[in-house]
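Peer 1: Quick one: structure below, then a few questions.
What follows is calculated from the coordinates using simple rules that are stated; it is not laboratory data. Nothing here was measured: the structure is a model prediction, and the numbers come from that model. Here the Cβ positions follow ideal geometry from the backbone for every residue, glycine too, while neighbour counts run over all protein chains shown.
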Amino acid sequence: MPITQYPQIAAFLDYLKYEKRYSQHTIISYQNDLEQFFAYLSSQFDSPPVNQVTAMYVRSWLAEMKEDEISSKTLNRKISSLKSFFKYEMKLGHIDQTPMTTVVAPRIGKRLPVFVEEKDMSTLLNHVTFTKDWKGRTERLVIQLFYSTGMRLSELIHLKESQLDPANAQLKVLGKGNKERILPMAPELMADIQAYITEKPAKQEGVHTVFVTAKGKMLQPRSVYAFVKQHLAAVTTIQKKSPHILRHSFATHLMNHGADLNAVKELLGHSSLAATQVYTHNTIEKLKEVFNKAHPKA
């Protein structure tokens, strides 16, 4: 529910939508964080105006969430949302100083990306039987494309035929922040996708995506999650089984085979190298494993 006494929230969300071109998913995250914070101010501190919000108010809110055992990762995201909001207010001249300068974000322990082993991906793509109907064909191609390109779920679901470049065995992806990137792919997979497109059932009006259901509708995130989880469960016991795990697997396997870190960064569409460097940890673990098994002095 919008916090009516803080119209600045709506103005900031419009800025993110129309000027920054953020995705709807990202905007909703900002909206939830900001509305939660200002609802807290309304209930606990009698709705102080934005230019009177201090670091004490922010820390008080964070402390309350900490007591509710909200994770450090979530707290950091909320802090980031507030930093962006107050930075925008300063830019407009509505406030002289952001209250976030003395707010310290909690430290997060680094977690290595979970991934599917190469042998397990080989088993899935070469030995697991997919149904022969349109549903099975779609599911197999979607999983192949996730693993072959490292695409995000939203990128794949919204992939249009016009983004394919069969002559050069590549496709164009519109990623986060409307950033375009080119992804190479195996010519065999491109040929399979082209054949899939020619045999596609009649698409419903307004649907222009490569992948559709048997009824010609666009794939939905929930259904893609469900079938990816189902098929991964057939070959691996890792706890997390999702489209994003296939993205992690794509990046990890590239790094394990000596791919350049900057090249992996571009393929994943990361804005900074720091986001990609997490995959080097898995590579180091792999090297240690090889050393321990093969070196006579290990």
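Peer 1: In whole Hz, with x marking every Gly and Pro, tabulate ³J(HN,Hα) for region 49-64 from phi via Karplus 6.51 cos²θ - 1.76 cosθ + 1.60, θ = phi - 60°.
Peer 2: Result, ordered by residue: x, 4, 6, 10, 6, 10, 4, 4, 4, 5, 5, 5, 5, 5, 5, 4 Hz.
Peer 1: Would you mind working out the magnitude of the charge dipole of region 84-214 relative to its Cα centre, with +1 at each Lys and Arg C-beta and -1 at each Asp and Glu C-beta, to the nearest 20 Debye?
Peer 2: For region 84-214, the charge dipole is close to 400 debye.
Peer 1: Sequence neighbours fewer than 8 away in the same chain don't count; with that in mind, list the lysines whose C-alpha is under 29 Å from K83.
Peer 2: K17, K20, K66, K73, K91, K110, K176, K179, K265
Peer 1: With the alpha-carbon atoms as the only input, what is the per residue convex hull volume for the chain in Å³?
Peer 2: 186 Å³
Peer 1: Only Lys, Arg, Asp and Glu count, each charged at its Cβ (+1, +1, -1, -1), so figure out the dipole size of region 118-294 about its Cα centre, rounded to 20 debye.
Peer 2: Here the size comes out at about 560 debye.
Peer 1: Could you tell me how far the Cα centroid of region 158-210 sits from the Cα centroid of region 3-21, in Å?
Peer 2: So the separation of the two Cα centres works out to 34 Å.
Peer 1: Which value, in nm² and rounded to one decimal, describes the direction-averaged projected area of the C-alpha convex hull of region 118-294?
Peer 2: Value for region 118-294: 11.3 nm².
Peer 1: Once a ≥ b ≥ c are taken as the square roots of the eigenvalues of the Cα gyration tensor of region 212-298, is the result rounded (a/c under 1.5), prolate (a/b larger than b/c) or oblate (a/b not larger than b/c)?
Peer 2: Because a/c hits 1.5 or more and a/b fails to exceed b/c, region 212-298 counts as oblate.
Peer 1: Placing unit charges on C-beta atoms (Lys and Arg positive, Asp and Glu negative, everything else neutral), compute the dipole magnitude of region 8-102 about its Cα centre in debye, rounded to 20.
Peer 2: 460 debye
Peer 1: If we count GluC sites (Glu not before Pro) as exposed when they sit in a DSSP loop and have at most 15 other beta carbons within 10 Å, what is the longest stretch of the chain that avoids them all?
Peer 2: Longest site-free region, per DSSP loop and neighbour criteria: 206-298.
Peer 1: Pop the C-beta distance of S42 and D68 into the FRET formula with R0 = 25 Å and round what comes out to the nearest 0.05.
Peer 2: 0.85
Peer 1: Give the separation of the Cα centroids, region 79-102 to region 233-292, in Å.
Peer 2: Each part reduced to its Cα centre gives a spacing of 35 Å.
Peer 1: Divide the volume of the convex hull of the Cα atoms of region 8-102 by its number of residues and quote the answer in cubic angstrom per residue.
Peer 2: So the per-residue hull volume is 95 Å³.
Peer 1: Can you tell which of V116, V264, V58 shows the greatest fluctuation in a Gaussian network model of the chain with Cα springs below 10 Å?
Peer 2: Residue with maximal mean-square fluctuation among V116, V264, V58: V58.
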